[in-house]
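Here's the structure, in structure tokens; my notes come after.
The values are calculated or read from the model by the stated rules, or taken from the named source; none is laboratory data. Being a predicted model, the structure only gives us computed values, none of them experimental. All Cβ positions, glycine included, derive from the backbone under ideal geometry; neighbour counts span all protein chains shown.
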Amino acid sequence: MSGRVRELLRFHGNPPKEVYYDIENSGFVPKEVIDVMLPYFNSIGYGHPAITHKPGWEALEAIYEAKEALARTIGNVDPEEIIFTHSGTESNNLAILGYALRNRARRGKIVVSSIEHLSVVFPAQHASELLGFKAVLVPVDDNGLIDPEVFKAYVDRETVLVSIQLVNHEIGTIQRLRELVDIAKDVNPDIVFHTDAADAYGWVQVDVKKLNVDMMTISSHKIHGPRGVGALYVRSGIELESPLKGQLSVERLWPGVENIPLIAGFKKAVEITFNGFDSRIDYVRRLRDKLIKGITSTVPHTLVNGPLNEYRVANNANISFLFVEGEALTIELSLNGIYVSSGSACSSRVLEPSHVLLAIGRKHEEAHGSILFKLTRYHKEEDVDYTLEVLPKAVERLRAVSPWKP
Amino acid sequence: MSSRIPLPYSPKVLELFRNPRNLGPLEDADVVEMAGSPACGDMIKLYLKIAHMEDGDYIEKASFESYGCAANIAAASIMTELIIGKRLEDAWRISWKDVSNELGGLPPIKYHCSILAVGALKRGIRSYYRRLGIQPGWLPKDLTIEEKQVIEEEKLMERYYRSMASLDANQG
């Protein structure tokens, strides 16, 4: 297995300049975060946080500190309301399936949007297929926004759980979430409202009290924390049953031993994210605008996916290059040191393009040519300049190969 | 994004992706054949120049254009390499598996790329003889697995867009 990838990498080589934009799928961890993590592997807190010895208590302290840090950033909630899981995917699963398992005798309707992350869509479908719930997908408009009037038609007295993202992970749409929460709670104040804030966290305000949500998902790697750790805010009083069974430790809803180095790294990433929040967003937005403008003005036949107004999150650029297939473009760019992902079917397990792009009305061939860029505070102006130099040539080369012409 | 799958391409795929052999239209082609569609996410256009010899019809030149992933471009390119200089009868015997093997083995999810390439070839050979009004003995009447798969893929998209159109019509 590994030999083949080794050969591939040898052929690929190391491009002289590298720019990484694929924060959607994973990202590098900055040194200041790693430095915080390292001692927890072998110096302190390497014990089990629920055992009565010093390394265990050190681990426990690290978990509590991280919960407090996270709790402060989402509206000064009770740190006990934060649960650590091992990813955003797990947090979304805990929210949806945890709710469905706990309330399986009651059943009812689960309402999610058609552009949710698959870790929301699939658990909702699973609850529908196995636990007798009814999962429904709310459509979105061309910009990925849910029309409140349409939403009203989907939420009824049967509805028990709603899960709507605050910011979409692919097209960056900032949902008018509070409005949707109010609609749902007007129908029935007992409706539990979950939001996947993995792509909102660090980019828009995520005060759970102001949003009036009951559960919220946060993921570490999306803010340059380490992979393998996520969090779920669960408002006190909301009862869940973990879909995961095993020995409990600190987390009563997520069995298994907590991973202290990752949790400590997550905490550090949170602190960095909220230090100079507005200036970072302004900086990233400027770079992002330059990237989108540069691409659409130099490369013909492009479509920007998602809103081009205040409803687009500052770090997101998602562009379809017509007459080019996205996976081929990711490889062409990779060979030139630019690392992106595509919503193309060719990079997918089921050979279906991104469900998000189809949901906003993109045709298959438009979705196949999509490329997602996410910018961060670690990007420099010269990174964008380099991208704007390489990208038009890459697109041009693949268009020259293609029999599908404008 | 949609559900992901690891794609450990062989260096051969990357090499042909980067420097495809026999790329571009053939001015004097006797056969120009398409398989796939933009909606499918992969599409191959194959060009063949046929030479009539005493012992059969030979592929004198072959070239391609490809819209699709790296495996698609590589599969089309290596197939043209495999068929140049062959009699049509022998080129017909090339299977999608042969093309995949020549690339060092495609990941299973990419088998359809070599199927598309071989499907385009077989379609092209068939239409060539149909145009001449000849049915060689070695050319089976029934569609091969590659030809069937290509039709299947193309129809899938047609069906999808028909059902979307009817949804739109109902909403309107």
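Considering A:L70, A:L97, the condition of being among the aliphatic types (A, V, I, L, M), touching a helix residue (DSSP H, G or I) at 6+ places or on another chain (Cβ under 8 Å), within 13 Å of A:E241 (Cα to Cα) and not in a loop (DSSP other than H, G, I, E, B) is satisfied by A:L97 alone.
Quick grid of which residues meet (1) polar (S, T, N, Q); (2) touching a strand residue (DSSP E or B) at 6+ places or on another chain (Cβ under 8 Å):
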site	(1), (2)
A:L329	no, yes
A:S334	yes, no
A:G337	no, yes
A:V356	no, no
A:R362	no, yes
A:K374	no, yes
A:R377	no, no
A:S402	yes, yes
A:P406	no, no
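Against the list (1) within 14 Å of another protein chain (Cβ to nearest Cβ); (2) touching a residue at least 24 places away in the same chain (Cβ under 8 Å), the condition A:A59 fails is (1). Based on what the data block shows, is A:P261 outside any loop (DSSP other than H, G, I, E, B) and either basic (K, R) or surrounded by fewer than 24 Cβ atoms within 10 Å (Cβ to Cβ) (or both)? It is true that A:P261 is outside any loop (DSSP other than H, G, I, E, B) and either basic (K, R) or surrounded by fewer than 24 Cβ atoms within 10 Å (Cβ to Cβ) (or both). Here A:G88 clears all of (1) within 24 Å of A:K210 (Cβ to Cβ); (2) at pLDDT below 95 except the condition numbered (2). Taking the numbered list (1) within 20 Å of the chain's Cα centre (by Cα); (2) under 16 Å from A:Y378 (Cβ atoms) in turn, A:N305 passes all entries but (2). With the requirement that a residue be among the polar types (S, T, N, Q) and surrounded by 17 or more Cβ atoms within 10 Å (Cβ to Cβ), what does segment A:229-258 give you? Matches in segment A:229-258: A:S242, A:S249.
Report yes if A:E389 is on the phi < 0 side of the Ramachandran plot, surrounded by fewer than 20 Cβ atoms within 10 Å (Cβ to Cβ) and not in a helix (DSSP H, G or I), otherwise no.
On the way: on the phi < 0 side of the Ramachandran plot: yes; surrounded by fewer than 20 Cβ atoms within 10 Å (Cβ to Cβ): yes; not in a helix (DSSP H, G or I): no.
Judged against the criteria, A:E389 is not a match.
Here's the yes/no breakdown for (1) assigned to a loop (DSSP other than H, G, I, E, B); (2) assigned by TED's automatic domain parsing to the domain that holds A:S348; (3) modelled with pLDDT of 95 or more; (4) surrounded by fewer than 13 Cβ atoms within 10 Å (Cβ to Cβ):
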| residue | (1), (2), (3), (4) |
| --- | --- |
| A:G3 | no, no, no, yes |
| A:R6 | no, no, no, yes |
| A:N14 | yes, no, yes, yes |
| A:V36 | no, no, yes, no |
| A:Y40 | no, no, yes, no |
| A:Y46 | yes, no, yes, no |
| A:A50 | yes, no, yes, no |
| A:P55 | no, no, yes, no |
| A:L60 | no, no, yes, no |
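Tell me, which residue of segment A:149-171 that is farther than 30 Å from A:A105 by Cα and away from chain B (no Cβ under 14 Å) is surrounded by the most Cβ atoms within 10 Å (Cβ to Cβ)? Among residues in segment A:149-171 that are farther than 30 Å from A:A105 by Cα and away from chain B (no Cβ under 14 Å), the one surrounded by the most Cβ atoms within 10 Å (Cβ to Cβ) is A:V167. Residues in segment A:352-378 that are buried (at least 24 other Cβ atoms within 10 Å of the Cβ) and of a type in the set (F, W, Y): A:F373 alone. Filtering segment A:329-355 to residues that are in a loop (DSSP other than H, G, I, E, B) and of a type in the set (S, T, N, Q) leaves A:N336, A:S344, A:S354.
Just wondering, is there one or more residues in segment A:76-95 that are surrounded by fewer than 17 Cβ atoms within 10 Å (Cβ to Cβ) and farther than 30 Å from A:V167 by Cα? No, segment A:76-95 contains no residue that is surrounded by fewer than 17 Cβ atoms within 10 Å (Cβ to Cβ) and farther than 30 Å from A:V167 by Cα. Going through (1) at pLDDT below 95; (2) over 24 Å from A:S163 (Cα atoms) one by one, A:R252 falls short only on (2). Say whether the condition of being at pLDDT 95 or above, in contact with a helix residue (DSSP H, G or I) (Cβ under 9 Å, 6 or more places away or on another chain), surrounded by fewer than 19 Cβ atoms within 10 Å (Cβ to Cβ) and hydroxyl-bearing (S, T, Y) is met by at least one residue in segment A:279-292. Scanning segment A:279-292, I find no residue that is at pLDDT 95 or above, in contact with a helix residue (DSSP H, G or I) (Cβ under 9 Å, 6 or more places away or on another chain), surrounded by fewer than 19 Cβ atoms within 10 Å (Cβ to Cβ) and hydroxyl-bearing (S, T, Y), so the answer is no.
Every condition in (1) more than 30 Å from A:A197 (Cβ to Cβ); (2) of a type outside the set (V, I, T); (3) within 12 Å of chain B (Cβ to nearest Cβ) holds for A:S341 except the one numbered (1).
Evaluate the following for A:L308: is it more than 9 Å from chain B (Cβ to nearest Cβ) and part of a loop (DSSP other than H, G, I, E, B)? Before the answer, list the steps.
Working: more than 9 Å from chain B (Cβ to nearest Cβ): yes; part of a loop (DSSP other than H, G, I, E, B): yes.
Against the criterion (more than 9 Å from chain B (Cβ to nearest Cβ) and part of a loop (DSSP other than H, G, I, E, B)), A:L308 qualifies.
Please determine, by comparing only the residues of segment A:297-313 that are of a type in the set (S, T, Y) and either loosely packed, with under 15 Cβ neighbours inside 10 Å or in the same structural domain as A:A71 (by TED's automatic domain parsing) (or both), which one is nearest to A:T387 (Cα to Cα). In this case the residue turns out to be A:T298.
For every residue, the table says whether it meets (1) at negative phi; (2) at the interface with chain B (Cβ under 7 Å from one of its Cβ atoms); (3) touching a Leu at 6+ places or on another chain (Cβ under 7 Å).
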position: A:E352; (1), (2), (3): yes, yes, no
position: A:G361; (1), (2), (3): no, no, no
position: A:E396; (1), (2), (3): yes, no, no
position: A:R399; (1), (2), (3): yes, no, no
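If only residues of segment A:331-343 that are under 18 Å from the mean Cα position of the chain (by Cα) and over 30 Å from A:G276 (Cα atoms) are counted, the one that is surrounded by the fewest Cβ atoms within 10 Å (Cβ to Cβ) is A:G343.
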